[in-house]
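Enquirer: Pasting in a structure now, in structure tokens, and then I'll have a few things to ask.
The values are calculated or read from the model by the stated rules, or taken from the named source; none is laboratory data. From a predicted model like this one, the values you see are computed outputs, not experimental measurements. Accessible surface areas use protein heavy atoms only, side chains included; no ligands, DNA or RNA. Shrake-Rupley method; radii C 1.70, N 1.55, O 1.52, S 1.80 Å.
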Amino acid sequence: MGLADASGPRDTQALLSATQAMELRRRDYHMERPLLNQEHLEELGRWGSAPRTHQWRTWLQCSRAQAYALLLQHLPVLVWLPRYPVRDWLLGDLLSGLSVAIMQLPQGLAYALLAGLPPVFGLYSSFYPVFIYFLFGTSRHISVATPGPLPLLTAPGRPTGGAGPDPLRLRGHLPVRTSCPRLYHSCSCAGLRLTAQVCVWPPSEQPLWATVPHLLLEVCWKLPQSKVGTVVTAAVAGVVLVVVKLLNDKLQQQLPMPIPGELLTLIGATGISYGMGLKHRFEVDVVGNIPAGLVPPVAPNTKLFSKLVGSAFTIAVVGFAIAISLGKIFALRHGYRVDSNQELVALGLSNLIGGIFQCFPVSCSMSRSLVQESTGGNSQVAGAISSLFILLIIVKLGKLFHDLPKAVLAAIIIVNLKGMLRQLSDMRSLWKANRADLLIWLVTFTATILLNLDLGLVVAVIFSLLLVVVRTQMPHYSVLGQVPDTDIYRDVAEYSEAKEVPGVKVFRSSATVYFANAEFYSDALKQRCGVDVDFLISQKKKLLKKQEQLKLKQLQKEEKLQKQAASSKGASVSINVNTSLEDMRSNNVEDCKMMQVSSGDKMEDATANGQEDSKAPDGSTLKALGLPQPDFHSLILDLGALSFVDTVCLKSLKNIFHDFREIEVEVYMAACHSPVVSQLEAGHFFDASITKKHLFASVHDAVTFALQHPRPVPDSPVSVTRL
């Protein structure tokens, strides 16, 4: 009965879905519709501004459900861990966690030494941040650790003293949001600097602004001081690591998990160093004592904030860019979503809490993330297992690596830079795919080599922003034609079958119009239309000015003739001065009457002439002035690419209306998005001369209307004031 009752609602829902599907099939979405300008579209769709949502009000509201939702949002482990499929995922996460821990152990020790810190701090950085990310992260596959570029930013300025690490080297992490995945590739040029940094060992009194040429010169300068035992140890370890990596690449399909070459090299080198006494016999530096146990938390020194804020900002940008790039790659590959905001919180907390426990900055390691994925890792349970394995080494097994040669750790770093240095080959693919990205790559590489990673990153970001502005100033401008038997319009230069509509020009830009490219938009429009608009307007103004001057001279000539006629009549009257007074008096009245009659006749003649002039045909048209007329009567601006408009764009559009109306071409706009229409209204773009009847829902609507009305819209003036 229970199963029958449960199947009832399912059958009903399935029947309802089938009914809706049949109803959709019956509908005919092809319909004939009238032309729609913006005014008609707003009436038909009952358009109105979207209601404003006051987000801060919801933030201030507090309830039990909202607090629980906020907890689940910022602590994702409470969401996915209760649903964890133990049977399907636990074995893969266990093997993956152990594999990653085997890699983290030697790399953590190596990067700690590179940063000028005691080796145990590398182990701390492989435990605390990894476990914190297990609680707060949203990516299931990335492995939190110290990637290659970050040790450069924590590199020493002087050798480590015996009193503990220099606080200036324990750089903090400031959470900074960025959306530049290409920054990860820009970090590849840090490989040369890392190589030079490792070769200069032990670290000398180097300024933090030391560039790669400076470091390479120091390498050459210190070559005579090299110790044969250290060089041989590093060379042998490097060869073994390279051979193991080549075997892993070649036998990738046959091996259930990669051969842990770094761990085997570390164990073998420690045994050989202990058995042969490399430190005493060949003066090979070893790691030394690694204290067992965890250190107590230490509050940060606020006096150092001003000195570290610049480096912290750089570390934050580089670290987050690497993590979010790899996180999204894995999420896309395995079909889940990574929350960028929560990733920023997770990385920030990992570094914040890790910094309290003497860890150096961490982000996402590409090599360990790939190992975590390829060995069967399915969730951050693998990260938790690897962190617990590192904790076991910190508490119990750290003393076993007392005789580990530092040269082996240096070899591990240099060999792991192979992937970063291999990205130099990206130049060939970028040349074919996107030369703008290649230019950014070259600028970033050069700046990093010559100016150091901090300044190189700043130069890269600034150059990228400038390049975006430059690219928006050079969009693709096109004149559109109609694809036969469709309402689709495409670039006539790209589509051979697309033909321009006779009498109508359709113009489109591939980028939004704003202050940086508004002038280029206007110039490109006038050029693509094939009409020298500015020349026609200037010639028209000159001819109209000449006409006004001729009319003015004609009026002045008529006034002069009238004055001469009046003066000659006055002279004829003065000839009869010697006549008798009685005759003059008798004739005076008659003369006055005659003058009144003659002046009245002249007034009537002047009025008649004025009326005839007013009824005369308009002489201000291009044809009447003898100027060439454009071969089109309507211009349509396809504004579908506009995402916003500013005041410069508004003025530019108004000027386009004014200029083309001066040469007797009516202008229309089409395909504006609703937010752009709202911004046009807010900027008082629409007025008595440019109404919403000039804005159409689509290009085809505008073309059809222009063909039906080859002259300007009757209810709107011909010209507007130029801004």
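Enquirer: Quote the Stokes-Einstein diffusion coefficient, in whole µm² s⁻¹, for segment 434-473, based on the Kirkwood radius over alpha carbon pairs, a temperature of 4 °C and a viscosity of 1.567 mPa s.
Expert: D, rounded to a whole number, is 129 µm²/s.
Enquirer: How much accessible surface does residue 395 have with a 1.4 Å probe, in Å² rounded to 10?
Expert: 60 Å²
Enquirer: Related question: Could you pull the accessible area for residue 694 with a 1.4 Å probe, rounded to 10 Å²?
Expert: Near enough 0 Å² of accessible area.
Enquirer: For a quick check of understanding: with a 1.4 angstrom probe and all protein chains in place, what accessible area in square angstrom does residue 647 have, to the nearest ten?
Expert: Near enough 100 Å² of accessible area.
Enquirer: So which of 499/526; 307/418; 526/546; 651/692; 499/623; 227/396 end up more than 21 Å apart by C-alpha?
Expert: Over 21 Å Cα-Cα: 307/418; 526/546; 499/623; 227/396.
Enquirer: When N counts the residues of segment 338-444, how does its alpha-carbon radius of gyration compare numerically with 2.2 N^0.38 Å, as a ratio?
Expert: In units of the globular-protein estimate, segment 338-444 measures up at 1.43.
Enquirer: Could you grab the relative contact order for segment 434-473? Cα pairs under 8 Å, six or more apart, rounded to a whole percent.
Expert: Relative contact order here is 31 percent.
Enquirer: Tell me the Rg and the Dmax, in Å, that the Cα atoms of segment 623-664 produce.
Expert: 13.7, 42
Enquirer: Can you compute log10 of I(q)/I(0) for segment 217-278 with the Debye formula, treating each Cα as one identical point scatterer, at q = 0.14, 0.25, 0.26, 0.28 Å⁻¹?
Expert: Here log10 of I(q) over I(0) equals -0.56, -1.01, -1.04, -1.11.
Enquirer: Right, here's the next one. What number does segment 471-551 give for Rg over Rh if you use C-alpha atoms and the Kirkwood radius?
Expert: In segment 471-551, Rg relative to Rh is 1.15.
Enquirer: Give the long-range amide H neighbours of residue 667: residues separated by 5 or more places, or on another chain, with amide H under 5 Å away, using H modelled in the peptide plane at 1.01 Å from N.
Expert: Counting only residues 5 or more places away or on other chains, the set is 635.
Enquirer: Carbon and sulfur atoms: what percent of the 1.4 Å accessible area of segment 434-473 do they account for?
Expert: 79 percent
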